[in-house]
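To start, the structure itself, in structure tokens.
A short reminder: the numbers here are calculations on the coordinates, not readings from a lab. This one's a predicted model, so the numbers in the text were calculated from it and none came from an experiment. Note: ideal-geometry Cβ built from the backbone for every residue, glycine included; neighbour counts use all protein chains shown.
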Amino acid sequence: MSALICLHPRWLIPVEPRGTVLENHALVIEGERIVAILPSESARLQFPAAEQLALPEHALLPGLINLHAHSAMSLLRGLADDLALMEWLNEHIWPAEKQHVSDEFVYDGTLHAMAEMLRGGTTTVNDMYFYHEAVARAGIASGMRTVVGCSILEFPTAYGLHADDYLSKALTAREAFRGESLVDFMLAPHAPYTVSDQTFGKIVTLADQFDMGIHCHIHETRDEIDGSLKQYGVRPLERLRALGLLSPRLIAAHMVYADDGEIALLAEHGVHIAHNPASNLKLASGFARVTAMQQAGINVGIGTDGAASNNRLDLLGDLRLAALLAKAESANPTALNAAAALETATLAGARALGQANRIGSLVVGKQADVIAIDLSALETQPLFDPISQIVYAAGREQVSHVWVAGRCLLRQGELTTLDQDQLKAKARWWQSRIKAVPVV
């Protein structure tokens, strides 16, 4: 029989129905799943043999879902700041990756990133990088729910020679980890400007054949759109539409530049958006029209992007930023209110990943991906509305507990599966190695 634990927070925020706050209720976990949500006193009577965990000044809510990340790039944090995207990529990031990226680099960097994300309440990451087996192994080692986005490009890197090589490695990695309950795979064409029409066609065919999602940077900058108009005569989204890429399988990362017609097109095809407010600001990419997208019925989740372009993997902080930016961009103070913002980092992410029946909200029968946030700190007092307080005032350091599939990965702010000292030592080792090898 699986172990039972009853969590007794002051506030339980299930996310669905939106805006609901239950006071003095318990959430009961058996094995990997939520088996009951009921008043605390009833839980103690109904489950007397269960472990009872009191969380007297805490809010309990679903684990956060990072819908767009390049986890291994945590080892490149701060390497090349305050630059435009293409200069940042062409002159710094891609050369550094050519010199250093390996299975070891990706495993160490991803593990470091997962530790940071777990400490901030993120329980699921939708990643995009190379050395897919290393990403999957890091997910298993940390206990974090991991979607491995298998990067696909036309040009050679340390990992692959050409598009067909990347595709082959993606399918091989997927097969190698078949049956791992916390690991899933997506095809991740890097961007319209790095992937050919022929390769996009193969990606659509393989995604349909193997029932895989597609994760791609789209309309991130004006330069991307101008380049597409020059090369193909159409904007990137129209090109992808003609190639059959637009569908509910697709997660479009960034989508900073979308006109009214393109927003209607995205909505028509059920495309999901991974909004990355911090990296969009840092790289001066622009302001995504999140309010207009949501009004059109588009599902919008939140991503941190990589630590090399954010530079924090702090989904709680980015959630606040997203809510504030939505108000400024739309000139509407009611846009993306606190409850709607929290949904973007939880249930909306789950929908985009095709996992809304399993994660993203606290519902009986779903996986027990749960976090507790201690709201007793000076910075979150007085407290009138716990959802608003979490979105607008709380910091990631107030996350006290994290469970993924019922397993406690953070207890009283301490990681249970990863050693922080070892991770920091590895990061310093990589820093010395990267500094010692000049980028050419």
Within 10 Å of each residue's Cβ, count the other Cβ atoms and sort CYS408, CYS216 from fewest upward. CYS408, CYS216
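Report the local net charge at LEU75: Lys and Arg +1, Asp and Glu -1, summed over other residues whose C-beta lies under 13 Å from its C-beta. Before the final figure, lay out each step's value.
Working: positive: ARG77, LYS424, LYS426, ARG428, ARG433, LYS435; negative: GLU97, GLU104, ASP108, GLU116.
Result for the neighbourhood of LEU75: +2.
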With a sphere of radius 9 Å drawn around the Cβ of ASN24, what net charge do the other residues whose Cβ falls strictly inside it have (Lys, Arg +1; Asp, Glu -1)? -1
In order through the range 373-390: 3J(HN,Hα) via Karplus (6.51 cos²θ - 1.76 cosθ + 1.60), integer Hz, x for Gly, Pro: 10, 7, 9, 7, 5, 3, 5, 10, 10, x, 10, 9, 9, x, 5, 4, 5, 5
For the chain: relative contact order, % (alpha-carbon pairs under 8 angstrom, 6 or more apart): 21
Longest segment of the chain lacking chymotrypsin sites (Phe, Trp or Tyr not before Pro) that sit in a DSSP loop with at most 15 other Cβ atoms within 10 Å: 1-286
What is the total of Lys pairs in the chain with C-alpha atoms under 19 Å apart, excluding same-chain pairs fewer than 8 positions apart? 6
Under the Karplus curve 6.51 cos²θ - 1.76 cosθ + 1.60, θ = phi - 60°, whole-Hz ³J(HN,Hα) for the range 216-223, x wherever Gly or Pro sits: 8, 6, 9, 6, 7, 9, 5, 4
Report, to the nearest 10°, how far helix 132-142 tilts away from the longest principal axis of the Cα atoms in the chain, using its own Cα long axis and a range of 0 to 90°. 10
Using the Karplus curve 6.51 cos²θ - 1.76 cosθ + 1.60 with θ = phi - 60°, work out ³J(HN,Hα) for each residue of the range 239-252 in order, rounded to whole Hz, and write x for Gly and Pro. 4, 5, 4, 5, 8, x, 7, 6, 5, x, 6, 8, 10, 9
Computed for the range 172-223: size of charge dipole around the Cα centre, +1 on C-beta of each Lys and Arg, -1 on C-beta of each Asp and Glu, debye to nearest 20, value 80
Find how many whole Å separate the alpha carbon centroid of the range 176-224 from the alpha carbon centroid of the range 225-278. 14
Positive end of the dipole of the chain, charges at C-beta (+1 Lys, Arg; -1 Asp, Glu), about the Cα centre: which of PRO386, THR172, GLY303 has its Cα farthest in that direction? PRO386
Fewest-first ordering of LYS366, LYS230 by Cβ atoms within 10 Å yields LYS230, LYS366
Positive dipole terminus of the chain, leading residue within ALA59, HIS215, ALA284 (C-beta point charges): ALA59
For the range 70-352, the charge dipole (Cβ of Lys, Arg +1; Cβ of Asp, Glu -1; about the Cα centre) points to a positive end, and the Cα of ALA348, ALA138, LEU243 closest to that extreme belongs to ALA348
Based on Cβ point charges of +1 for Lys and Arg and -1 for Asp and Glu, what charge dipole magnitude is obtained for the chain about its Cα centre, in debye rounded to the nearest 20? 340
Theoretical ellipticity at 222 nm over the chain - DSSP helices of four or more residues, -39500 (n - 2.57) apiece, nearest 500: -11000 deg cm²/dmol
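Have a look at the DSSP beta bridges in the chain and tell me what percent are antiparallel, nearest 5. Don't skip to the answer; put the middle values down first.
Values: 27 of 62 bridges.
Once the DSSP bridges in the chain are tallied, antiparallel ones form about 45 percent.
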